[in-house]
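These notes concern the structure reproduced below.
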Amino acid sequence: TGYRVYQYSPSKKAFVKKVSTSSLKATIKKLKANTEYTFAVQAFYKDSKGNVTFAKQQQEITVNTRPAAPKSLTYIKGSESFDRVSVKWTGVSGVTGYEIVCTPEKGNAVIKKVTGASANSCVVDSLSFGTTYEIKIRAYTERKSGTAYSYYSNTVKATTIAMPSSPDEAFASF
């Protein structure tokens with residue numbers, strides 16, 4: 001009248017009991033980010049005398065945890081131009097890359113992907129002149145089953161330079 005959840009232990013080359021539950025849900029804690037885990041679920045019946053009978057078969061499932069999120073996203077002050085800004089962050093090991101999302105108050109977000117776990121900065125271009133953007137970043141890992149994304153980092157704001165209203169103003173800014 002319940003289930004046992006086992007986690008595969010590569011060092012023991014066997015499944016180890018993690019939790020027993022009477023529910024169809026179980027939470028396994030303290031899993032590492034960006035890691036593949038294999039679990040097995042086995043049903044059991046406990047009679048009124050306390051005797052336990054286990055099902056002959058167990059169902060196995062393999063899952064992957066999310067990558068860890070990048071940290072300390074900052075806008076590099078003084079890096080802005082008419083259509084670009086630069087950002088930097090603390091990277092995450094073992095990921096395929098990062099996705100930077102720049103969202104203006106009005107209009108569509110600009111998304112840029114940077115490959116490589118060691119990447120820790122990026123110039124985001126194709127932005128609109130004189131526009132403030134909220135910028136956030138997340139790590140991603142390409143897997144056979146698809147792309148896994150981390151949660152987003154902190155958010156920073158950056159503003160591109162406004163287009164000069166006259167040629168004299170343009171030359172004065174350089």
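The values are calculated or read from the model by the stated rules, or taken from the named source; none is laboratory data. Being a predicted model, the structure only gives us computed values, none of them experimental. As a convention, Cβ positions derive from the backbone with ideal geometry for all residues, glycine included, and neighbour counts pool all protein chains shown. Note: accessible area is taken over every heavy atom of the protein model, side chains too, but ligands, DNA and RNA are not part of it. Shrake-Rupley method; radii C 1.70, N 1.55, O 1.52, S 1.80 Å.
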Search result, residues across region 24-39 that are polar (S, T, N, Q) and part of a loop (DSSP other than H, G, I, E, B): Thr27, Asn34, Thr35
Residue among Ser81, Ser93, Ser145 that alone is more than 14 Å from the chain's Cα centre (by Cα), at pLDDT below 95 and open to solvent by 50 Å² or more (accessible area, probe 1.4 Å): Ser145
Hey, Asn64 modelled with pLDDT under 95, at positive phi and surrounded by 11 or more Cβ atoms within 10 Å (Cβ to Cβ) or not: no
Selection status of Lys56, open to solvent by 70 Å² or more (accessible area, probe 1.4 Å) and over 27 Å from Ala139 (Cα atoms): yes
Of all residues making up region 100-146, the number that are under 15 Å from Asn34 (Cβ atoms) and touching a residue at least 40 places away in the same chain (Cβ under 8 Å): 7
Some residue of region 114-125 being touching a Lys or Arg at 6+ places or on another chain (Cβ under 7 Å), open to solvent by 70 Å² or more (accessible area, probe 1.4 Å) and either under 30 Å from Gly2 (Cβ atoms) or among the acidic types (Asp, Glu) (or both): no
Which listed residue is open to solvent by 50 Å² or more (accessible area, probe 1.4 Å), modelled with pLDDT of 90 or more, over 30 Å from Ser153 (Cα atoms) and of a type in the set (Gly, Ala, Ser), from Ser48, Ser11, Ser20: Ser48
Single residue of region 147-169 satisfying the filter (free of Cβ contacts under 8 Å to residues at least 60 places away in the same chain and of a type in the set (D, E, K, R)) that is nearest to Ile76 (Cα to Cα): Glu169
Number of positions in region 23-45 that are small (Gly, Ala, Ser), surrounded by 13 or more Cβ atoms within 10 Å (Cβ to Cβ) and over 29 Å from Val95 (Cα atoms): 1
Filter result (closer than 12 Å to Leu73 by Cβ and not charged (D, E, K, R)) within region 125-146: Ile135, Ile137, Ala139
Single residue of region 126-142 satisfying the filter (among the small types (Gly, Ala, Ser) and under 17 Å from Thr159 (Cβ atoms)) that is surrounded by the most Cβ atoms within 10 Å (Cβ to Cβ): Ser128
